[in-house]
2 protein chains.
Amino acid sequence: MDLISFMKSYVDLTPEDEIYISQFLKVEQYGKGDIIRQPNTKSKIIHFIEQGYARNFYEKNGKDITYFFLKENTFTLPVDAVYFNDPTKYGLQAEEDLQLTSFMYSDFHRMIERVPGILHLYEIEMAKFIRQLSDKYYLIQFQPALERYNSMLEKYPDILLHVSLGHIASYLGITQETLSRIRTK
Amino acid sequence: MDLISFMKSYVDLTPEDEIYISQFLKVEQYGKGDIIRQPNTKSKIIHFIEQGYARNFYEKNGKDITYFFLKENTFTLPVDAVYFNDPTKYGLQAEEDLQLTSFMYSDFHRMIERVPGILHLYEIEMAKFIRQLSDKYYLIQFQPALERYNSMLEKYPDILLHVSLGHIASYLGITQETLSRIRTK
DNA sequence: GATATCTTTTGACCTGGATCAAAAAACGCT
DNA sequence: AGCGTTTTTTGATCCAGGTCAAAAGATATC
């Protein structure tokens, strides 16, 4: 779904609103494995994923670790950079061929000034993100590896179809080898 | 700091605005250990902590686990209940004598209608929360126990002064015994 | 200020999952 | 189809931190 249609499922937009908003948006295509945003940058760009899966990742002791998976119809932005002007440690990478709409956070606030309802949409999207982050946290705080994997199977079975097992392992806070052993059961 | 003063540090409020907002607010006092919200409820109340420290907690296999610490001048609300009408697993408890201001999420939106700037304040508070949650997540995804504790010492030394070690251990995703052993170094 | 309760520390033991290494399988690419 | 690259599996070893149990220290209560 494109961003304008997504917005229209929450708030009414006049044709003029659409034109106004569109001027700030840039539709982009990426291929599997492409880096959309490098880690440790201060980019203040918001991405809306229209098609395909992506992930946030960071590097720790030379290891690539997945922080979050992003599916279609979700927003992603580097909170550290946008709100606190600090570099984010999280990069953004396409897990498969990807189409997304990008826009500056500052322009986003112009859209909100014109169509205040968008801020409410944004509030709900932030709430969704917090919820997912909380669930994720709950998962790794005290659950053994098997339960982490089962819980993921149950909650996000779609992700398994779009990303490699190595990425899932680090997302779950376990090694690839452990994940492999768990899966043979 | 009381909530009205806190708001005024972000947005301008006329005396009439203050009166309007105040009608929705309830100031409450709690003693150390008091449960402010039980786990598994659908409460849609937002709390603003004016004085003292609190924590979110949940129960897992008969064990009490700390999910988050809350300090003065922060908001806390059960995201699952407020935004998705699901019960939250997280309860809210006073770590020490506490003063807080409570209000309904629905009334909060009335305040925003009257003073739209409050939504921007709220946006920033949500961003702060996401950031803390991300940091927390980073901490436990692959860090060994010692680094978790050191990182906490560095980032939130104040919390150590207000809560018991058992609560800190579960917050860090380790056992009390391990924390104790780490600290003797 | 003695007793009950809660919190923290110490000790002994054990296990889940990490690490290192290498084989096997899957996936491009020309 | 065949060859290089990446991903996944399998095997052997090891250790950080969990578990259980009990002592020692704090705190609160009458």
Give just the number: which of (1) at negative phi; (2) in contact with a helix residue (DSSP H, G or I) (Cβ under 9 Å, 6 or more places away or on another chain); (3) modelled with pLDDT under 95 does B:ASN61 not satisfy? (1)
Take the residues in region B:127-153 that are within 11 Å of chain A (Cβ to nearest Cβ) and small (Gly, Ala, Ser), then tell me which one is surrounded by the fewest Cβ atoms within 10 Å (Cβ to Cβ). B:ALA127
Among the residues of region B:154-169, is there at least one that is over 19 Å from B:GLY52 (Cα atoms) and open to solvent by 70 Å² or more (accessible area, probe 1.4 Å)? yes
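What residue, of A:MET111, A:MET126, A:MET152, is in a helix (DSSP H, G or I) and farther than 29 Å from B:PHE69 by Cβ? So that I can check it myself, show each step before the final result.
Working: A:MET126 fails: farther than 29 Å from B:PHE69 by Cβ; A:MET152 fails: farther than 29 Å from B:PHE69 by Cβ.
Unique residue meeting the criteria: A:MET111.
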Filter region A:134-147 down to the residues that are within 26 Å of A:LEU77 (Cα to Cα) and either among the acidic types (Asp, Glu) or in contact (Cβ under 8 Å) with a residue 12 or more places away in the chain (or both) and list them by number. A:ASP135, A:LYS136, A:LEU139, A:ILE140
On the basis of being over 18 Å from the mean Cα position of the chain (by Cα), facing chain B (nearest Cβ under 9 Å) and away from DNA strand D (no atom under 11 Å from the Cβ), does A:TYR171 make the cut? no
So, in region B:165-185, exactly how many residues are within 6 Å of DNA strand C (Cβ to nearest atom), in contact (Cβ under 8 Å) with a residue 24 or more places away in the chain and assigned to a loop (DSSP other than H, G, I, E, B)? 0
Looking at region A:30-64, which of the residues that are open to solvent by less than 10 Å² (accessible area, probe 1.4 Å) and among the β-branched types (Val, Ile, Thr) is nearest to the other protein chains (Cβ to nearest Cβ)? A:ILE46
Taking first residues from region A:86-98 that are open to solvent by 10 Å² or more (accessible area, probe 1.4 Å) and second residues anywhere that are among the charged types (D, E, K, R) and assigned to a strand (DSSP E or B), the pairs with Cβ under 7 Å that are 6 or more apart or on different chains are A:GLN93/A:ARG55; A:GLU95/A:ARG55
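Filtering region B:65-80 down to residues that are within 18 Å of B:MET104 (Cβ to Cβ) and away from every other protein chain (no Cβ under 11 Å), which residue is most open to solvent (accessible area, probe 1.4 Å)?
Our first condition is that a residue be within 18 Å of B:MET104 (Cβ to Cβ); within region B:65-80, this holds for B:75-80.
Now restrict to residues that are away from every other protein chain (no Cβ under 11 Å): B:75-76.
Working: B:PHE75: 31, B:THR76: 10 Å².
Ranking the candidates gives B:PHE75 first.
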Taking the stated definitions as given, is B:ILE124 without any contact (Cβ under 8 Å) to a residue 40 or more places away in the chain, farther than 24 Å from B:ASN40 by Cβ, β-branched (Val, Ile, Thr) and open to solvent by less than 70 Å² (accessible area, probe 1.4 Å)? no
Extreme residue, nearest to DNA strand D (Cβ to nearest atom), among residues of region A:155-164 that are more than 14 Å from chain B (Cβ to nearest Cβ) and part of a helix (DSSP H, G or I): A:LEU160
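Scan region B:46-77 for residues that are of a type in the set (Lys, Arg) and part of a strand (DSSP E or B) and jot them down.
We begin by selecting, within region B:46-77, every residue of a type in the set (Lys, Arg); these are B:55, B:60, B:63, B:71.
Correct list: B:ARG55, B:LYS60, B:LYS63.
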Filter result for the condition that a residue is closer than 30 Å to A:ALA145 by Cα, assigned to a strand (DSSP E or B) and away from DNA strand D (no atom under 16 Å from the Cβ), over B:LEU133, B:LEU92: B:LEU92
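Would you tally the residues in region A:99-118 being within 17 Å of B:TYR122 (Cα to Cα) and open to solvent by less than 20 Å² (accessible area, probe 1.4 Å)? Lay out the reasoning, then the answer.
Residues of region A:99-118 that are within 17 Å of B:TYR122 (Cα to Cα), as a first pass: A:105, A:108-109, A:112-113, A:116-118.
Filter again for open to solvent by less than 20 Å² (accessible area, probe 1.4 Å), leaving A:108, A:112, A:118.
Qualifying residue count, region A:99-118: 3.
The values are calculated or read from the model by the stated rules, or taken from the named source; none is laboratory data. If you're wondering where the values come from, they're calculated on a predicted model, not measured in any experiment. Note that we place each Cβ from the backbone using ideal geometry, even for glycine, and neighbour counts take in every protein chain shown. These area figures cover heavy atoms from the full protein model, side chains too; ligands, DNA and RNA do not enter into them. Shrake-Rupley method; radii C 1.70, N 1.55, O 1.52, S 1.80 Å.
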